[in-house]
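Below is one structure, written out as structure tokens, with a few remarks after it.
A short reminder: the numbers here are calculations on the coordinates, not readings from a lab. Bear in mind the structure is a predicted one, so any value in this text is a computation, not a measurement. Counting neighbours? That spans all protein chains shown, and the Cβs are built from the backbone with ideal geometry, glycine included.
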Amino acid sequence: MKAIKDHRLARVPQRGLATLLTIVFSAAFFLPARGQSKQDQSQEGQSKPAQDPITVYHGAPHDAQTDAAYDHFYNMEYDRAIPEFEKILEKHPSDPFAVNHMLSVILMRDLYETGGMNTGDYSNDSFIGHAPRPTDPKIKQRIRDLVARAEFLEEKELKANPKDVDALYCRGVTRAQFAIYTGIIERAWFSALRNAVGARHDHEHVLELDPSYIDAKMVVGTHNYVVGNLPWSVKVAAALAGLSGSKEKGLEYLRQLAHHDTENSVDAKVILSLFLRREHQYAEAIGYMQDIAAKYPRNHLFLTEVANLERAAGRLDEAEATYRKVWQNGREGKYGNLHYELAAWGLGELLRSKKDIAGAAAAYELVNQAPNPDPDILQKANLAAGEMYDLMQKRDLAMKRYETVLAENANTGQADQARRYIREAYRE
């Protein structure tokens, strides 16, 4: 399993590499390997009719089995989605779409369980120096095996027909998913970037062969926006690596996906919300996230992102109400065992920005009440609660929280700060 060889990528400066990787991952992060098996296409005899001249379905999976699996996938019910995708793969073992389905759900579950699925972590370059918790070696091997299996099937089809748009699209999806794996899990940045660039080139080729293959516009649109939005010096370096782009074209492509019932419309809305936040176009971004939060109500991340956007837009009362709604939904069991405590953390940050120190402390403390909270969020919340208690001159409570931080994991940046605050009380 060799990454795409392009030594020109070595010329991209470190700042440019970090910026490109940040958005590359935000693009690939939500990209599903949607598509119906060729076996099912032949049985049905025809695909779903297009809604308009630019929306043409290429093996879109509208069979009940795949739709049910993806409903569980987007609702983060991985324990239900995985066996359903396994049954589909058993039914169609030679279909790269089916293999990519399996790859996507295994990878996303691992990122969630290791703390690598918080989109806020990818809003800047800070994730470069912060790795998720280690992945089980067996999961790593399964991911690599699925990538190799998908690539074998894709290359076999492309060898028979180099202009097979479905095979090209599938290969681009596989490369995009492998870029996530090699970057976020293995921390192999140049390998990740090479695979991401390969994914873009595959999907650009798809659009050259068939401009109506709209799902291929997500990776292409995302890369266009990113490269078009880079500083001039970094953009020149990216051009040396074969990357060019237009911010306007990127947003246009993503809006086409978001506004039509395509296979990547949900993912396009997520990506658009990230980009529109950068553009300070909060109302449109909130609308997209509200749409998918309503469609997938058991996925707390979507509604939490609505609150994050409302907060960024200065709609603080609405954001506070949304954070509290997510928390209450979690307490009522609507999210199962998912880590909905992220909403309590967001609420604490919001109240802290409003100088409601007591309210922020109470919100941070809520994280300790969540069932099986994410260790990273828990440690950040306990540190922040200690800071609030210091500001309230409740030194005994602050010290207890700092000691809790050290007990959780003494080898983190939060632990270093806790040691400093144990010696000297936190002050703004």
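Sticking with the crude label model, points 7 Å out along Cα→Cβ, report the distance from D261 to K295 in nm, one decimal please. So the label points at D261 and K295 sit 1.1 nm apart. Karplus-derived 3J(HN,Hα) values for the range 367-384, using 6.51 cos²θ - 1.76 cosθ + 1.60 with θ = phi - 60°, are 4, 5, 8, 6, x, 6, x, 4, x, 5, 5, 4, 5, 4, 5, 5, 5, 5 Hz; glycine and proline are entered as x. For the range 256-262, 3J(HN,Hα) computed residue by residue from phi via the Karplus equation (6.51, -1.76, 1.60; θ = phi - 60°) reads 4, 5, 5, 8, 10, 7, 9 Hz, glycine and proline entered as x. 3J(HN,Hα) along the range 202-215: 4, 6, 5, 5, 4, 5, 5, 6, 8, x, 7, 7, 5, 4 Hz, from the Karplus curve 6.51 cos²θ - 1.76 cosθ + 1.60 with θ = phi - 60°, whole Hz, x for Gly and Pro. Given in Å, the Rg to one decimal and the Dmax to the nearest whole number for the Cα atoms of the range 206-344 are 17.2, 53.
The modelled label-to-label distance for the pair K400/R142, using points 7 Å beyond Cα in the direction of Cβ, is 4.1 nm.
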